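In what follows, a single structure is set out as structure tokens and then discussed.
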């Protein structure tokens, strides 16, 4: 499980969780995610969507196919609503397909005392005979993912803060 505060508001984080492209960026450049359907990846995932994807290492070596099954719910939290996005899909091929359980939940809510930032929680539950062998690789991947979330979060805002202009004389057009 990962738990940390990121530099964007909870609405921007929630939009990013629904964006297959934003989620794919979290694993880049180590793992690439490509759609397995001719229509491509949807712009935004909705509850109930099933999206099959191909994963490849560095965009070159196929490492398996995965079904993303989107779900969501909202619960009350002490600092506002806690929105939970759940991928209860399953690895279809490759090493991860040996897992019997794949339950990935990501929760976003306003950060305590700072609604301009987001408390991000990310939990993956795996199970099956291969889980102990795969756990170290998935743990390392989750650390990478956490670093990418923190780095990319400021880019998720629709209305980024305008750059600070240096103080100086005001210039008005001649007219």
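For Rg/Rh (Cα atoms, Kirkwood Rh), the listed values are (i) 1.07; (ii) 1.23; (iii) 1.15; which was obtained by calculation from the structure presented? Computed from these coordinates, Rg/Rh (Cα atoms, Kirkwood Rh) corresponds to label (i).
Calculate the all-directions average of the projected area of region 54-150's alpha-carbon convex hull, and give it in nm². Let's see the in-between values first.
Numbers: hull surface 28.5 nm².
The Cα convex hull of region 54-150, projected and averaged over all directions, gives 7.1 nm².
Placing R0 at 22 angstrom, the Cβ-Cβ distance between residue 1 and residue 88 gives a FRET efficiency of 0.85 after rounding to 0.05.
Judged by the mean number of other Cβ atoms found within 10 Å, the most tightly packed of the peptides 72-78, 14-20 leads the ranking 14-20, 72-78.
Our analysis of region 1-42 gives Rg over Rh at 1.04, with the two radii drawn from alpha carbon positions and Rh computed by the Kirkwood formula.
Note the full-extension length gain between residue 116 and residue 142 as 0.36 nm times their separation in residues minus their Cα-Cα distance, in nm to one decimal. Walk me through the numbers on the way to the answer.
On the way: separation 26, 0.36 × 26 = 9.36 nm, distance 2.47 nm.
Length difference between fully extended and current span is 6.9 nm.
What the Cα atoms of region 85-126 give is an Rg and a Dmax of 14.4, 44 Å. Taking the inverse of the mean reciprocal distance over all distinct Cα pairs, the Kirkwood hydrodynamic radius of region 1-82 comes to 14.4 Å. Once the Cα atoms are used to define both axes, helix 131-152 deviates from the longest principal axis of the chain by about 10 degrees.
Mean residue ellipticity at 222 nm, helices only, the chain: -7000 deg cm²/dmol; runs of at least 4 DSSP H residues each add -39,500 (n - 2.57), and the sum is divided by the number of residues. Springs between Cα atoms under 10 Å define the GNM used for the chain, and in it the highest mean-square fluctuation of 39, 88, 98 occurs at 39.
Just so you know, all these numbers are worked out from the coordinates, no wet-lab data involved. On a predicted model such as this, the values are computed, not experimentally measured, just so you know. A quick note on method: Cβ atoms are made from the backbone with ideal geometry, for glycine too, and the neighbour counts reach across all protein chains shown.
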